[in-house]
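For reference, the structure is listed below as structure tokens.
FYI, it's all coordinate maths here, none of it is from the lab. Please read all numbers here as calculations on a predicted model, not as lab measurements. Here Cβ is always computed from backbone atoms with ideal geometry, including for glycine, and neighbour counts include all displayed protein chains.
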Amino acid sequence: MDRFMKRSPHGLALLLLAIIFVSLNVFSNLSLRAARLDLTQNNLFTLSQGTLNILNRVEEPVTLKFYYSQDIAADQPKVQIFAQRVRDMLEEMATHADGRLLLEIIDPEPFSENEDQAVAQGLVARPVQDGDVIYFGLVGTNRVDSLEVIPYFADERQQYLEYDLARLIHNLSQPEKPVLGIVSNLPLDTGAGGMMAAMRGQSQPFLIYAELTDRFDVEFIGLDTIKIPKRVDVLLLAHPRAPSDLQAYAIDQFVMRGGRVIAFIDPQSEVSLTAGPNGEPLRGYTEQSNLSRLMQQWGLEMDENVILADRKRAQRVSAGRDARRALTDYILWMAYGPDEMNADDPVTANIDRLNLGTVGVLRATQNATTKMVPLLSSSEEAGVMTRDYVLSAPTPDALQRRFVQGEAPYTIAARLSGKVKTAFPDGPPETGNKKGERAKARDHLAQNEGANIIVFADTDFFDDRFWVSEQNYLGQRFGVPIADNGKFLLNAVENLMGSDDLISLRGRERVVRPFTRVEDLRRAAEKNYLDEEENLIARIEVAQKELDQLEQTGATLGDAEAAAKTHRAELLSARKSLRRVQGDLRRDIEVLESWVTWINIIAVPLLVGLAALGLAYRQRRRRLATQKAGGLIVENQGAN
């Protein structure tokens with residue numbers, strides 16, 4: 001052995017390296033099976049704390065059957081990549097569930113028993129060439145035969161994968177869904193078609209309502225309710241009719257008993273005017289909603305005669321007949337981002353964008369006994385306009401000319417907490433009759449020390465057109481959010497029900513990341529454009545007035561021609577000014593885009609290259625210094 005070591009030191013080193021390599025592999029397989037290292041930019045394979053909490057609360061085993069046509073999808077690289085991500089995340093969840101999550105991966109081959117099971121359990125197949133189909137879905141079951149299905153993993157919802165999987169597991173791990181009571185004058189459950197469409201099986205419920213029914217046991221509360229049932233955990237008031245004394249008392253006593261309320265009210269509800277099958281709004285619609293009597297006791301009020309306008313957060317709409325601009329700001333429709341959200345409240349901490357329209361303004365009342373905490377506020381460039389003026393249908397440009405900045409920011413949504421007294425100090429109302437029954441005076445409560453209420457001064461919030469892009473894939477109707485309206489509502493309900501785990505999951509992906517510098521440039525140019533346009537109109541009016549006066553006074557033909565020439569010169573000058581403003585806007589944006597492009601193409605790689613050269617130079621200096629030191633040691637040893 002000594003002879004071998006002396007003759008082949010390199011061979012021995014290789015042998016030792018091989019032994020160490022095998023030993024490390026055996027050790028890692030036995031001891032590090034659960035270890036994970038996620039190097040992806042957005043931590044795609046790292047589970048959120050909310051998901052871990054949900055997995056830890058799974059008491060009885062949940063079985064997940066992942067159906068994926070692996071062989072048929074072999075020539076579908078996009079599907080393969082997504083399927084691998086789904087499988088990796090399911091395996092990660094199963095690892096953290098400590099045996100309470102049973103994962104089965106099934107390849108439903110054509111005409112097999114597995115394919116029959118997939119179809120029977122509600123999965124849908126995507127056809128491909130040669131007449132084959134791809135199954136790519138998930139079926140979840142629990143011990144009591146509850147069933148949750150993702151029919152097909154649509155690529156459009158890839159960024160919500162963790163949330164969709166965690167929600168499915170969460171629903172299966174709960175023996176009973178929490179109950180959400182709803183009082184609403186919006187056709188949430190039928191869509192614009194109303195009951196007639198529902199009776200024909202053609203209803204299209206609001207997508208936000210579909211989200212609620214997936215997560216909660218939804219129960220509509222009638223107008224003649226004596227008492228909100230005790231089984232209701234949270235009460236959602238979504239654009240309610242003006243409540244009768246009976247209904248107001250039922251809501252009041254629900255709050256007195258400690259019930260949690262989310263109220264959406266509106267000075268002008270555009271979604272309520274959505275045309276039904278006959279081209280008109282559904283029968284019984286109401287354009288306004290308020291809860292003045294109840295809100296007075298809650299410590300909040302909304303003026304029904306004013307509507308918020310926000311110049312900084314205005315949405316872009318078609319400019320109509322103005323050929324010089326394709327889009328313009330509509331200051332009555334807003335898109336609010338994190339700057340306007342309360343980052344300290346779990347309901348709004350992860351909200352990136354809310355799209356709203358014809359919004360109201362909330363104010364705390366004098367002598368309020370509750371604490372009001374804004375959840376959503378306007379920007380600092382906001383003001384109010386009278387409802388009567390808004391209903392006169394002014395153009396977007398006319399709205400901007402009339403705009404006057406007010407005492408912004410204004411509160412749009414708020415949380416109320418603390419002591420609330422009943423709005424019925426004398427007990428149940430005398431009108432509370434229903435089938436010979438009446439609210440009993442002995443059950444009357446006069447005060448709640450710990451109310452928790454959320455009020456939102458907008459109901460267009462619910463309109464699918466405002467927050468979601470509806471998709472229909474293989475017969476599966478789903479929405480791809482373009483804003484976080486649905487997320488906000490689910491956050492609010494779950495927060496009031498005491499569950500914040502799914503809230504953290506919905507906040508992992510940003511919906512939109514606007515280029516704010518370009519938006520600021522465009523908004524400034526738009527303001528200059530409107531100012532120039534207003535000057536143009538004024539100059540036209542003056543020139544026209546002068547021409548009219550010349551005609552009335554019988555001016556000579558030469559004077560009329562001179563005036564017309566002056567008029568045309570005024571118009572030409574004004575139009576040049578307008579073109580200059582638009583040209584400056586395009587030029588500023590193009591310069592900014594060019595800088596960003598060059599920074600990405602040249603500056604960033606250059607910085608990375610310089611950093612690499614600097615690191616290489618540093619390592620070379622260290623190596624030279626080490627060699628030099630080694631040479632000195634050798635010389636000293638030789639001298640000795």
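Overview of results
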read-out	value
Entries of Lys177/Lys227; Lys227/Lys421; Lys312/Lys419; Lys312/Lys371; Lys65/Lys177 with Cα pairs more than 27 Å apart	Lys312/Lys419; Lys312/Lys371
Sorted by Cβ density within 10 Å, fewest first, the residues Lys227, Lys565	Lys565, Lys227
Radius of gyration and Dmax over the Cα atoms of segment 49-157, both given in Å	14.5, 45
Added length on full extension, which subtracts the Cα-Cα distance from 0.36 nm per residue, Arg231 to Val317	26.5 nm
Ascending count of other beta-carbon atoms within 10 Å, so fewest first, for His239, His444	His444, His239
Positive-end extreme of charge dipole, segment 49-157 - chosen from Met93, Phe66, Ile105 (charges on Cβ)	Met93
Distance between modelled label sites at Ser417 and Arg363, nm, 7 Å Cα→Cβ extension	2.6
Relative contact order (percent, whole number), segment 49-157, Cα cutoff 8 Å, 6+ residue spacing	33
Modelled FRET efficiency - R0 60 Å, Thr566 with Gln117, Cβ distances, 0.05 increments	0.10
For Val420, net neighbour charge (Lys/Arg +1, Asp/Glu -1) across residues whose Cβ lies under 15 Å away	+4
Difference of contour (0.36 nm per residue) and Cα-Cα distance, Lys177 to Gln296	39.6 nm
In Hz, Karplus ³J(HN,Hα) per residue of segment 397-405 (6.51, -1.76, 1.60; θ = phi - 60°; x = Gly, Pro)	5, 5, 5, 5, 5, 7, 4, 10, 5
Nearest-20 debye value, segment 49-157 charge dipole, Cβ charges on Lys, Arg, Asp, Glu	460
Sorted by Cβ density within 10 Å, fewest first, the residues Ile228, Ile482, Ile454, Ile81	Ile81, Ile482, Ile228, Ile454
Alpha-carbon centroid distance for the pair segment 67-127 / segment 226-260, whole angstrom	44
At R0 = 56 Å, FRET efficiency that the Cβ-Cβ distance of Leu16 and Glu430 yields, to 0.05	0.05
